[in-house]
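Participant: I have a structure I would like to understand better, so I am pasting it below and will then ask my questions one at a time.
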Amino acid sequence: MGNAEHIQQAITRIRERYPEAIISEETIKSGQAMLVVKKEALLHVLSLAKEELRFNVLYDLTAADHLEKEPYFHVIYLLHSHEQLVKLFIKVKVDRENPLLPSATRLWPMANWFEREVYDFYGIRFEGHPNLKRILLPDEWIGYPLRKDYPLTEEPVQFKGIMADKLPSEVIPKQHE
């Protein structure tokens, strides 16, 4: 049985167990399957994927903001099955006004770091997360820089000293041979 058949079996199983959970099924550029699921069913679908369908690795968890097209975020879970050597992408839409999802840390401990990164850059909160705080930006940072509505600022850089007027090769004395 090939990879495509394994993925279709997994999708069929999710549809059977949670018929109302799947909003749509997409094929992404790499040819992989992506399920768009309802926020309310996310943890059920992820649990089924891990515990019964044997997607034992949360390969990545990321977010996207397509503000110019849609007024919400997408959070994408990239799952991998070592046994079947296949990947499955699960995508969920998250409201901008109350960006909240259940934490997947009880299923995959690695979700701890991924969720903290998504929180740090997008402000999406994960209910039940054991330690949801910034991971890369300083605690005092204001805002979430990967949101499309985050204000962009520029800071002029001033060069001071001797190098402001001359190239480094003009400043460093040449050694005589």
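Participant: Only one of these is at pLDDT 95 or above, closer than 17 Å to Ala10 by Cα and not aliphatic (A, V, I, L, M): Tyr122, Tyr77. Name it.
Facilitator: The match here is Tyr77.
Participant: Where the second residue is outside any loop (DSSP other than H, G, I, E, B) and at pLDDT 95 or above and the first is farther than 19 Å from Leu101 by Cα and lies in the stretch 120-145, which pairs have Cβ atoms under 8 Å and are six or more apart or on separate chains?
Facilitator: Close Cβ pairs (under 8 Å, with a partner that is outside any loop (DSSP other than H, G, I, E, B) and at pLDDT 95 or above) amount to Leu136/Glu117; Leu136/Asp120; Leu136/Phe121; Leu137/Asp120; Leu137/Phe121; Pro145/Phe121.
Participant: Pull out all pairs, ordered by first then second residue, where Cβ-Cβ is under 8 Å, the residues are six or more apart or on different chains, the first lies in the stretch 10-29 and is under 18 Å from Glu51 (Cα atoms), and the second is among the small types (Gly, Ala, Ser) and in a helix (DSSP H, G or I).
Facilitator: Every condition considered, the pairs that remain are Ala10/Ala49; Ile14/Ala49; Tyr18/Ala41; Ala21/Ala41.
Participant: Would you confirm whether any residue within the stretch 64-77 is in contact with a strand residue (DSSP E or B) (Cβ under 9 Å, 6 or more places away or on another chain) and more than 19 Å from Arg125 (Cβ to Cβ)?
Facilitator: yes
Participant: So in the stretch 26-49, with the set limited to residues that are small (Gly, Ala, Ser) and touching a helix residue (DSSP H, G or I) at 6+ places or on another chain (Cβ under 9 Å), which one is surrounded by the fewest Cβ atoms within 10 Å (Cβ to Cβ)?
Facilitator: Among those that are small (Gly, Ala, Ser) and touching a helix residue (DSSP H, G or I) at 6+ places or on another chain (Cβ under 9 Å), it is Gly31.
Participant: Still on this structure: Inside the stretch 50-139, counting only strands (runs of 3 or more DSSP E) that do not spill past its ends, which hold 3 or more residues that are surrounded by fewer than 16 Cβ atoms within 10 Å (Cβ to Cβ) and among the basic types (Lys, Arg)?
Facilitator: Where strands (runs of 3 or more DSSP E) fall fully within the stretch 50-139, none carries at least 3 residues being surrounded by fewer than 16 Cβ atoms within 10 Å (Cβ to Cβ) and among the basic types (Lys, Arg).
Participant: With the structure loaded, tell me whether Ile22 is farther than 30 Å from Lys148 by Cβ and of a type in the set (A, V, I, L, M) or whether it fails that test.
Facilitator: no
Participant: Right, something else. Only residues that are at positive phi and either touching a residue at least 40 places away in the same chain (Cβ under 8 Å) or basic (Lys, Arg) (or both): list them for the stretch 30-46, please. Before the answer, list the steps.
Facilitator: Just the residues of the stretch 30-46 that are at positive phi, to begin with: 31.
Result: no residue meets the conditions.
Participant: Is it the case that the stretch 147-168 has a residue that's modelled with pLDDT under 95, surrounded by fewer than 10 Cβ atoms within 10 Å (Cβ to Cβ) and either closer than 30 Å to Ile7 by Cα or among the polar types (S, T, N, Q) (or both)?
Facilitator: yes
Participant: Please go through the stretch 47-56 and pick out each residue that is in contact (Cβ under 8 Å) with a residue 40 or more places away in the chain, over 12 Å from Tyr77 (Cα atoms) and among the hydrophobic types (A, V, I, L, M, F, W, C).
Facilitator: Scanning the stretch 47-56 gives a single hit, Leu53.
The values are calculated or read from the model by the stated rules, or taken from the named source; none is laboratory data. This structure is a prediction, so every number in the text was calculated from the model and none was measured. When we count neighbours, we look across all protein chains shown, and the Cβ atoms used for this are built from the backbone with ideal geometry, even at glycine.
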